[in-house]
1. At R0 = 45 Å, how high is the FRET efficiency between Ile69 and His332 if r is their beta carbon distance? Nearest 0.05 is fine.
2. By counting other Cβ atoms within 10 Å of each Cβ, how are Asp187, Asp255, Asp271 ranked from fewest to most?
3. Which residues' amide hydrogens lie under 5 Å from the amide hydrogen of Ile229, considering only partners 5 or more residues apart or on another chain, with H built in the peptide plane?
4. Just rank Phe211, Phe134, Phe106, fewest to most, by other beta-carbon atoms within 10 angstrom.
5. How long is the gain from Glu315 to Gln40 if the chain were fully straight, where each residue apart is worth 0.36 nm and the alpha carbon distance is subtracted?
6. For region 130-173, what is the charge dipole size about the Cα centre, in debye to the nearest 20, if Lys and Arg each add +1 at the Cβ and Asp and Glu each add -1 at the Cβ?
7. What's the exposure ranking of Trp223, Trp119, Trp13, going from fewest to most Cβ atoms within 10 Å?
8. So what's the gap between the Cα centers of region 39-102 and region 314-344, to the nearest angstrom?
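A short reminder: the numbers here are calculations on the coordinates, not readings from a lab. These figures come from a predicted structure and were not determined experimentally. Cβ placement follows ideal geometry from the backbone for every residue including glycine, while neighbour counts extend to all protein chains displayed.
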Amino acid sequence: MENEEAQAQVDIWKYVLGFTEMAVVQCAIELGIADVLESQDGRPMTLAELSSTLSCSPSILYRIMRFLIRRKIFKEISIDQESTGYVQSPLSRLLMRKGDNSMAAFVLLESSPVMLAPWHGLSARALANGASAFTAAHGEDVWRYAAENPAHSKLIDDAMACHARVAMSAIIENYVDVFKGIGSLVDVGGGDGTSLGILVNKCPWIRGINFDLPHVVSTAQNWDGVEHIGGDMFKKIPKADAAFLMWVLHDWGDDECINILKKCKEAIPRDTGKVIIAEAVINEKEENRYKDVSLALDMVMMAHTDKGKERTWKEWANVLTAAGFYRYTVKHIQAVQSIIEAYP
Ligand SMILES: C[S@@+](CC[C@H](N)C(=O)[O-])C[C@H]1O[C@@H](n2cnc3c(N)ncnc32)[C@H](O)[C@@H]1O
């Protein structure tokens, strides 16, 4: 057999068994494996110690750990000549339930039955050209579904909060200048206010207004320097010096994005205001570290929203211009999102 064909016979199993990685990582989070290993301060834990701490079957845990070590999610090191123990890796630290960089809540959202069901309707969506896979699976769009199902709303809010912690830290570290000179900032679709809470803590000259749907802000925690306001961004956005939109526009089609951006324009001063957008910018021609992530996120938008998508720079420029923003810049930072600044 030719080399390429022999490799294909192996590679096909990635797709046959692709779901196992997500499912076993979900299992590791639910068991709290990373949290227990972290509490050991780098001391390796034997299988007997780990299974006893987690109250798990040793034989099943052994097989789970063997799989996750093979995937480089955890590490196994020698303790002495006869025994080995499990330790954390940089990747497993991201699976701790708590912690500034934790992505655990995001894994739990994407692996939840509610979010997995629409994937079965992707081909139907392609054939029907536009019908939403989420709506086909659940009878209403993701935001209405969340409003009526508090447990799912909490899964979304927690996932967005963990993403916000990672993304805001990257934005502040790489491009804090984008917030210089801004006295008040409205975070449109800001979820539970985590983004603004972090931002105001680092940039205390900013007064934060966290704006989201009423059912989201009603359960949001308090943050110093942040006021929560509930409402609908398609109707009216609270006034501020600048508006911030992170991972909101990618949930919507072009027409909805133009409407949201026009509402942002009404909320900020005409001469000094700006809209700051944190979103992926797909570069179809060049390689970069985040390309696979942004193309996969585009598939997530296809499965979970009616018309949402990840956009190329040309597509962003079209939407901004149609909303009446004729001056805009983009800065690529070390994050999935780039920072687009648009001036009215
Ligand atoms: C993908 S989440 C992004 C959350 C946050 N900006 C982040 O990056 O972590 C989109 C947010 O938009 C909010 N949203 C959806 N429809 C909205 C509307 N009509 N008005 C205000 N917020 C809305 C959702 O409740 C959700 O919190």
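1. Efficiency computed from Cβ-Cβ geometry: 0.85.
2. Placing the least packed residue first, the sequence is Asp271, Asp255, Asp187.
3. Asn210, Phe211, Asp212
4. Phe106, Phe134, Phe211
5. Result: 94.1 nm gained on full extension.
6. Charge dipole, region 130-173, about its Cα centre: 40 debye, nearest 20.
7. Ordered from fewest to most neighbouring Cβ atoms within 10 Å, Trp223, Trp119, Trp13 come out as Trp13, Trp119, Trp223.
8. Between the Cα centre of region 39-102 and that of region 314-344, the gap is 43 Å.
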